[in-house]
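Here's the structure, in structure tokens; my notes come after.
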Amino acid sequence: IVIIIFLLLISTSASIDNTTCGETKDCLFSPPGCTPSTCAYFLSLTSEDEWTIFEVSTTNVSRKTNYLAVGMSDDDAMGEEPVTFCFFPESGAPSVNVGYNNGKSNTVADDSLKPLLTKNVELLHAEKTDNTLICSFRQRIQPSEEHEMLPDLSKKYTVLMARGAAKSPTHLGIHGLTPNLADFPFISPSSINLTHFYSSAPSTTLPSMEAESTTDASTSSSSPSPSSTAPSGLFDFSKESRLFMIRIHGILMIIPWLFLIPSAIFSARYLRNEWRLYSPGGIKIWFHIHRSLNWISLLFLVVATLLVLMAKDFLWKGPWPGKPKGKQASPGSIHSLLGAVSLVCTLLQIAFALVRPSPDSKIRPYFNGIHRVVGLVSLIFAIPTTLIASFYFLKYWNDQSTAFLLTIASTLLIGLAFILFEVVRRYKQKRELEEIEMDGGKTAIRVESQLENILTKLVFILFCLSSCALIALIVLNLIA
């Protein structure tokens, strides 16, 4: 009898009641239709007095998994959000702590913030079995003082849940970064009113929301709710539409910056002496290539910019006075800033081209210098912008690690092409002038080198083919 009672107590303590989901508390299920004992991730929310109570669990965990975290994000991407997590040490009692995500890194509250933590977060229950992590804690709706690690729970947030291995409560290990991994985080399909079920105020019944482990959702009632995937924001776009627009934005940015614009730069610098016998419309072929690629790039960049602005309701996501310190230098903020600089430089290039002085003008050399510098600056700022997107913006990629490696490969390819072009160019210049002594003096005789011309064209063609192949793989990673 004692053994039976003991087993019943274990069974009771290691479970979460989901029978009142939609009646007295909001619930998130991943995958749809699961129960707390089988869900990859489960979360319930209810509020009373000055607190919101979180019940969170995860199953099918590995032996090394020892933390379970809940993040409250202003958007639908990981990074720049406060996190509350439960830590389960191998020996000793579980604990609760808070932190803040800066891209893929996490800053955890240290001992100096312990008094603040004690006032705002309280662990109610936590336990770990061979297969499951369960944690229940309450967090103050309005923090006792403003801090980036303590969100205002009266606002709506996209809820993130993650699990992983940590060496200590102050050093969280990184979780899965690709959707096919078991430890890949859960992202709620839409922003959620965390205090919807508040015991001190009347509320209408809200159906529980079931969500998949990424961003798809299904709701089980015709009544509207804060947790639905209904369109919101300045534009009447659904969450799925905004996600699609941002992916297309990425594609339209990657193609110009990793292929079209570098090719335009290479054509202007290294192809001027190629195909000199052909001038369609009285214009040299290199200039046809240079101008055409730049105009196509401009079209792609403008459309891409409009798409992301519409997806973000024309809200500036870069650094701004008054923005929380943790978000000023976040990956998303830096991405926005660098991208804006690149776009402005590109627009300046087009403006300069429209007022280009004639070849015999005295100011033409100054124009050429400014034109080259601004073009180079735009590319220099654009490359880290694409690297940030491929490294930090997890949810948009099918396989983020592969996307990052492909972006690095494309960047290295641009650098390698530049080096090869310069080697051929320097060698060609050395061969073109041969000095011979004639009548006691020196005369420079230009010697045409067909080999160097062929090599220049070959490097350009190989760059174009290789770049297109890499970009095709990156695009497939975005849309797969």
- Expected unfolding gain across TYR278-ALA329 under the 0.36 nm per residue rule, minus the alpha-carbon gap, is 13.3 nm
- Query: Quick one: length gained pulling ILE419 to LEU473 fully straight, 0.36 nm per residue minus the C-alpha distance?
  - Reply: 17.0 nm
- Item | Percent of Cα-Cα distances greater than 17 Å, calculated over the range 99-187 | 60
- Message: I'd like the accessible area for ARG269: 1.4 Å probe, protein heavy atoms, all chains in place, Å² to the nearest 10.
- Response: 110
- If each of SER112 and ASP152 carries a label point 7 Å out from its Cα toward its Cβ, how far apart are those two points in nm? 2.6
- Task: Beyond 24 Å between alpha-carbons counts as too far, so tell me which of LYS239/LYS395; LYS114/LYS156; LYS25/LYS395; LYS119/LYS239 fall in that bin.
- Result: LYS114/LYS156; LYS25/LYS395; LYS119/LYS239
- Eligible aspartates and glutamates near LYS428 by straight Cα distance, threshold 19 Å, same-chain separation 8 or greater: GLU274, GLU448, GLU452
- Message: Run through the range 89-144 and list the GluC sites (Glu not before Pro) located in a DSSP loop whose Cβ has at most 12 other Cβ atoms within 10 Å.
- Response: GLU90
- Along the three principal axes, how long is the range 313-375 when you take its alpha carbons, biggest first, rounded to the nearest angstrom? 53, 22, 17
- Note on the structure: Share of Cα-Cα pairs in the range 271-355 beyond 20 Å, whole percent, is 53
- Query: If you average 1/r over every pair of different alpha-carbon atoms in the range 277-416 and take one over that average, what Kirkwood value in Å do you get?
  - Reply: 17.5
- Item | For the range 59-100, the Rg and Dmax computed from alpha carbons only, in angstrom | 12.3, 37
- Message: Check which residues have an amide H placed less than 5 Å from SER30's amide H, if you skip close sequence neighbours.
- Response: ALA40, TYR41, ALA211
- Whole-Hz Karplus ³J(HN,Hα) for the range 369-376, in order, using 6.51 cos²θ - 1.76 cosθ + 1.60 and θ = phi - 60°, x for Gly and Pro? x, 5, 4, 5, 5, 5, x, 5
- Can you list residues whose amide H is under 5 Å from PHE237's amide H, if they're 5+ apart or on another chain and H is modeled 1.01 Å from N? SER232
- Query: Roughly how compact is the range 31-121, stated as its Cα Rg over 2.2 N^0.38 Å to two decimals?
  - Reply: 1.18
- Determine how large the accessible area of VAL83 is when every protein chain is in place; take a 1.4 Å probe and give Å² rounded to the nearest 10. 10
- The long-range amide H neighbours of THR46, using H built 1.01 Å from N in the peptide plane and a cut-off of under 5 Å, are ILE53
- Query: From Cα coordinates alone, what are the radius of gyration and Dmax values for the range 73-135 in angstrom?
  - Reply: 13.2, 37
- Task: Could you work out how far apart the two model spin labels at ARG364 and SER292 are, taking each label as a point 7 Å from the Cα in the direction of the beta carbon, and quote it in nm?
- Result: 2.5
- With all protein chains present and a 1.4 Å probe, the order of ASP313, ASP110 from largest accessible area down is ASP110, ASP313
- Rank these residues by their accessible area, most exposed first, probe 1.4 Å: TYR278, TYR392. TYR278, TYR392
- Report the calculated FRET efficiency for GLU122 and ASP236 (r = Cβ-Cβ distance, R0 = 41 Å), to the nearest 0.05. 0.50
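The values are calculated or read from the model by the stated rules, or taken from the named source; none is laboratory data. These figures come from a predicted structure and were not determined experimentally. Note that we place each Cβ from the backbone using ideal geometry, even for glycine, and neighbour counts take in every protein chain shown. Side chains are part of the model used for accessible areas, which takes the heavy atoms of the whole protein and leaves out ligands, DNA and RNA. Shrake-Rupley method; radii C 1.70, N 1.55, O 1.52, S 1.80 Å.
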